[in-house]
Amino acid sequence: MVTQITNFGRSGLYDWMMQRVSAVVLALYTVFIIGYLLMHPDLTFDQWSALFETTWMRIFSLMMLLSIGMHSWIGLWSVSTDYIKPTGIRFFFQALCGLLMFVYIVWGIQVLWGL
Amino acid sequence: MLVSIYRYNPEVDDAPYMKDYQIDLPAGKDLMVLDVLNLLKAQDPSISYRRSCREGVCGSDGMNMSGKNGLACITPVSEAAKKGKLVLRPLPGLPVVRDLVVDMGQFYKQYEKIRPYLLNDTPVPAIERLQSPEEREKLDGLYECILCACCSTACPSFWWNPDKFVGPSGLLQAYRFLADSRDTATQERLGELDDPFSVFRCHGIMNCVNVCPKGLNPTKAIGNIRTMLLQRAT
């Protein structure tokens, strides 16, 4: 058993599952957005903002945002533990990633709700 | 034929280097890479490599032949040589002791970690612990591993974290004991593997399957361990 405290959920299995679940959400969102854009070739700003006014779209988008946060955290954590060997630099990199993801999520919520 | 061999003697050389040898191979015969090495050793007795059974059973002569890990004794030169040139290097990722001989300590440490022996807390039977043919069948494709380290040293996850990631070979063995009907420590074994490194550093790139000289499938075994961990936790 290898002890780790900087990974997403303490257990490797949990990280692995969340990585897959978030990947499914991201794939569905991507397919939806591409499909929507293809079905509305003459998309206007009003149509676009009306889409994001709906509650289900906000829930879907928030799910996507949180999935991006989780997915990228687990992925970049893996990359950092593979390639960055000095502890100080690795911890700094991980902290920077964590901060960036938090900023993106809060910022994303602001954008979605038009706050 | 041109054979290029990785040479390094830490007592003499400052750094490893590649040395080229010219060798005439007997016509009409496809030698194994180990045969070529033996011929070269007669030419230059300072070349070091491990070998024992010379028939793919002992797993001593695992090495990197023109970029692919394998056992020198069962790899024909025609298969290993690229464009008439044979390049021999030690197994990647492990410390080199000398020439093609690597220090397998880290590899064995991971093997030891998974406790590669039966654990059974029930009273010892008078004769033996019986298994049905179906239960025994589950061990096929697992018990055949000869610990040559070709798979683990072909795995980038093992290169970057040899101290934390068990590696394909160790995980194949881990599953061999998880799948064994006579082993009663299944839950305990699974508990020891549920961290982000031991099993989950495998990203399924299947280099291990590609190089295994015995045709085994560590990626499948790792998938089975994951399924067992999932079943235990959901």
Problem set entry | Value at 222 nm in deg cm²/dmol, rounded to 500, when DSSP H runs of n ≥ 4 in the protein assembly as shown each add -39,500 (n - 2.57) | -15000 deg cm²/dmol
For this session: Select from chain B the helices, each a whole stretch of DSSP H, whose alpha-carbon atoms run 18 Å or more along the helix axis and whose Kyte-Doolittle mean is at least 1.6; answer none if there are none.
Result: none
Seminar exercise, completed: In a Gaussian network model of chain B with springs linking alpha carbons closer than 10 Å, the residue among B:110, B:173, B:22 that fluctuates most is B:22
Exercise. How would you rank B:200, A:91, going from fewest to most other Cβ atoms within 10 Å of each one's own Cβ?
Worked result: A:91, B:200
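Just flag the GluC sites (Glu not before Pro) in the range B:95-164 sitting in loop per DSSP whose Cβ has no more than 10 other Cβ atoms within 10 Å. Walk me through the intermediate numbers first.
Details: sites: B:112, B:128, B:134, B:135, B:137, B:144; in loops: B:128, B:144.
Within the range B:95-164, the qualifying GluC sites (Glu not before Pro) (loop, at most 10 other Cβ atoms within 10 Å) are B:128.
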Exercise. Can you give the Rg to Rh ratio for chain A, taking only C-alpha atoms and Rh from Kirkwood?
Worked result: 1.07
Problem set entry | Contour excess over end-to-end distance, with Cα ends at residue B:68 and residue B:9 and 0.36 nm allotted per residue | 18.9 nm
For this session: Provide the gained length on full extension for the span residue A:50 to residue A:30, in nm with one decimal, where the gain is 0.36 nm per separating residue minus the Cα-Cα distance.
Result: 5.3 nm
Problem set entry | Exposure proxy ranking, count of Cβ atoms within 10 Å, fewest first, for A:5, B:225 | A:5, B:225
For this session: Evaluate E = 1/(1 + (r/R0)^6) for residue B:135 and residue B:103, where r is the Cβ-Cβ distance and R0 equals 45 Å; express this FRET efficiency to the nearest 0.05.
Result: 0.75
Exercise. Can you list the aspartates and glutamates whose alpha carbon sits under 17 Å from that of residue B:19, skipping same-chain ones fewer than 8 residues off?
Worked result: B:44, B:99
Problem set entry | Label-point separation in nm, residue B:55 to residue B:18, each point 7 Å along Cα→Cβ | 3.5 nm
Seminar exercise, completed: With +1 at each Lys and Arg Cβ and -1 at each Asp and Glu Cβ, the charge dipole magnitude of the protein assembly as shown around its Cα centre, to the nearest 20 debye, comes out at 240 debye
For this session: Read phi for every residue in the range A:25-31 and hand back ³J(HN,Hα) as whole Hz from Karplus 6.51 cos²θ - 1.76 cosθ + 1.60, θ = phi - 60°, with x for Gly and Pro.
Result: 4, 4, 5, 4, 5, 4, 4
Seminar exercise, completed: Among A:36, A:48, A:25, the residue whose Cα sits farthest towards the positive end of the charge dipole of the range A:12-113, when +1 is placed on the Cβ of each Lys and Arg and -1 on the Cβ of each Asp and Glu, is A:25
For this session: Output the lone cysteines of the protein assembly as shown: those with no second cysteine's C-beta under 4.7 Å from their C-beta.
Result: A:97, B:73, B:145, B:148, B:150, B:155, B:202, B:212
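What FRET efficiency would be calculated for the residue pair residue B:143, residue B:30, taking the C-beta separation as r and a Förster radius of 25 Å, to the nearest 0.05?
Details: r = 31 Å, r/R0 = 1.22.
Efficiency, rounded to the nearest 0.05: 0.25.
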Seminar exercise, completed: Inter-part gap, Cα centre of the range B:17-39 to Cα centre of the range A:25-42, in whole angstrom, is 59 Å
Problem set entry | Per-residue ³J(HN,Hα) for the range B:57-65, Karplus 6.51 cos²θ - 1.76 cosθ + 1.60, θ = phi - 60°, Hz, x for Gly and Pro | 10, 8, x, 7, 9, x, 7, 9, 10
Exercise. Can you give the charge dipole size of the range B:105-233 about its Cα centre, rounded to the nearest 20 debye, using +1 on the beta carbon of Lys and Arg and -1 on the beta carbon of Asp and Glu?
Worked result: 300 debye
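Kirkwood hydrodynamic radius (Cα pairs, Å) of the protein assembly as shown? Please list the in-between numbers first.
Details: mean 1/r = 0.0419 Å⁻¹.
Kirkwood radius, the protein assembly as shown: 23.9 Å.
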Exercise. Who wins for biggest fluctuation among A:75, A:98, A:12 in a Gaussian network model of chain A, springs between alpha carbons below 10 Å?
Worked result: A:12
Exercise. Considering the dipole of the protein assembly as shown built from charges on the beta carbon (Lys and Arg +1, Asp and Glu -1) around the Cα centre, which of B:73, A:88, B:8 is farthest to its positive end?
Worked result: B:8
For this session: Would you work out the charge dipole size for the range B:2-102 about its Cα centre, treating the Cβ of every Lys and Arg as +1 and the Cβ of every Asp and Glu as -1, and quote it to the nearest 20 debye?
Result: 220 debye
Exercise. Out of residues 5 or more away from residue B:185 or on other chains, whose amide H comes under 5 Å of its own, with H placed 1.01 Å from N in the peptide plane?
Worked result: B:119
For this session: Could you point to the residue in B:174, B:155, B:143 farthest towards the positive end of the range B:106-179's charge dipole, with +1 and -1 charges on the Cβ of Lys/Arg and Asp/Glu respectively?
Result: B:155
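Could you work out the local net charge near residue B:93, counting Lys and Arg as +1, Asp and Glu as -1, over the other residues with Cβ closer than 15 Å to its Cβ? Write out the running numbers ahead of the final one.
Numbers: positive: A:85, B:68, B:89, B:109, B:164, B:201; negative: A:82, B:103, B:163.
That sum, taken over residues with Cβ under 15 Å, equals +3.
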Problem set entry | Net charge, residue B:161 excluded, C-beta distance under 11 Å - Lys, Arg +1, Asp, Glu -1 | +1
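Read the figures in this text as sums done on the coordinates, not as results from a lab. Small disclaimer: the values here were computed from a predicted structure and weren't measured. With ideal geometry, Cβ positions are generated from the backbone for all residues, glycine too; neighbour counts draw on all protein chains shown.
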